[in-house]
Structures are given as structure tokens and as C-alpha cells.
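Novice: One structure, pasted below without further comment.
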Amino acid sequence: AWLHSVLLERSRYLPIGFTKSYGFDDSDLAAGRLMMDRWIDYTAKGRSNVDPRSLPWTAMQSLLIDHVYGGKVDVPEDQNIIQQFVSRLIVPNAFDSGFSLTINRESPEIVDINRYEQFFLWAEALPTSQPVSWLDLPPNSDQIVAATQGRHSKLC
């Protein structure tokens, strides 16, 4: 869900978040979740718990990078952005307490959560306006996008 949110938010910062809009939507989130759930179920073989290190991380990363999100992307620079986020977030230590959700470590960290209620409380405590640093964008991204959009509207 964090990956999906980051990619959607980066899409709002054209042309610096991505070079163009790719139309990421809820179906991408659903496809990613279904794919990961199936790999987890397959690996668990009916057990209620599975060691995160035993999951096929490379396969899950590849499917997200090349098909779920990357399947819509036709610019190599944008494909690299997706690859960087997937490679950073879809890893075994994402289950560790203290795992940082962003590259710059300014984001909230994963905490020990054992129940859905705890997760929702954690998620609700997130700020309503996330800093662009969580998206691995420069602090002046809003100004850059506004200037770019203003320049394009003056040309039209």
C-alpha cells in the first residue's frame, strides 16, 4: 500500500515525479496485493505464519517492476524510479520494527504491529500532508511543478 501511495503521489509532481502520467489506479494496487498474497500463500503451504526470509522476494519485485506498475511505463527513467522504490520496499526486512519507509529515513518507521487495529491506528496517526521527501523528491518540488505548469499554460 505504501508503494502504491508513493507512486500515485509522485504522479502528481509531473514532470519531476515521473516524466508523464501513467494512470496508476486501484486496479494496480489490487493486482499487486493479489500477486503478493498468492506468493505468500504458496510459500506458507497452509501454515498461518511464514518466515519473511522464505518468500520469493526477487519474483515479487520482478512482477511489480515489470508487470503490475512497470507494465504501464514506457520511459526508462520512470522505470528506474519504480525499480528503486520496489527494491527498497519489497524486501524481507520490511517486516522489521524500525524499518524506514523512505530512502531518506524521514518517514515513519514500521512498528511492531500484531493486529489490524494497531495498523489502522498507526496509519491514522500519519500526517494528512506528507512531505515530498517521503517521495524522494526535492523540497522545492511544488514550486518546480507550479513553474513548469505556468510555463506550459503561457505557451498554449
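The values are calculated or read from the model by the stated rules, or taken from the named source; none is laboratory data. Small disclaimer: the values here were computed from a predicted structure and weren't measured. All Cβ positions, glycine included, derive from the backbone under ideal geometry; neighbour counts span all protein chains shown. We work out accessible area using only protein heavy atoms, side chains counted, and drop any ligands, DNA or RNA first. Shrake-Rupley method; radii C 1.70, N 1.55, O 1.52, S 1.80 Å.
Novice: Please determine, by comparing only the residues of segment 37-49 that are of a type outside the set (Val, Ile, Thr) and in a helix (DSSP H, G or I), which one is least open to solvent (accessible area, probe 1.4 Å).
Specialist: Ala44
Novice: OK, next. Of everything in segment 1-39 that's hydroxyl-bearing (Ser, Thr, Tyr) and farther than 17 Å from Leu101 by Cβ, which residue is nearest to the chain's Cα centre (by Cα)?
Specialist: Per the stated criteria, the residue is Ser11.
Novice: Further question: Being assigned to a loop (DSSP other than H, G, I, E, B), within 27 Å of Ser21 (Cα to Cα), more than 13 Å from the chain's Cα centre (by Cα) and not hydrophobic (A, V, I, L, M, F, W, C) is the filter here, so list the residues in segment 73-103 that pass it.
Specialist: Asp74, the sole residue that qualifies.
Novice: Kindly list the number of the only condition in (1) over 26 Å from Gly17 (Cβ atoms); (2) of a type outside the set (Ser, Thr, Tyr); (3) not in a loop (DSSP other than H, G, I, E, B) that fails for Val111.
Specialist: Here Val111 meets the rest and fails (3).
Novice: Condition test on Leu34, is it assigned to a helix (DSSP H, G or I), buried (at least 16 other Cβ atoms within 10 Å of the Cβ) and either in contact with a His (Cβ under 9 Å, 6 or more places away or on another chain) or not β-branched (Val, Ile, Thr) (or both)? Can you show your working first?
Specialist: Details: assigned to a helix (DSSP H, G or I): yes; buried (at least 16 other Cβ atoms within 10 Å of the Cβ): no; either in contact with a His (Cβ under 9 Å, 6 or more places away or on another chain) or not β-branched (Val, Ile, Thr) (or both): yes.
No, not satisfied.
Novice: Let me ask something else. Would you call Gly17 open to solvent by less than 30 Å² (accessible area, probe 1.4 Å) and either basic (Lys, Arg) or assigned to a loop (DSSP other than H, G, I, E, B) (or both)?
Specialist: yes
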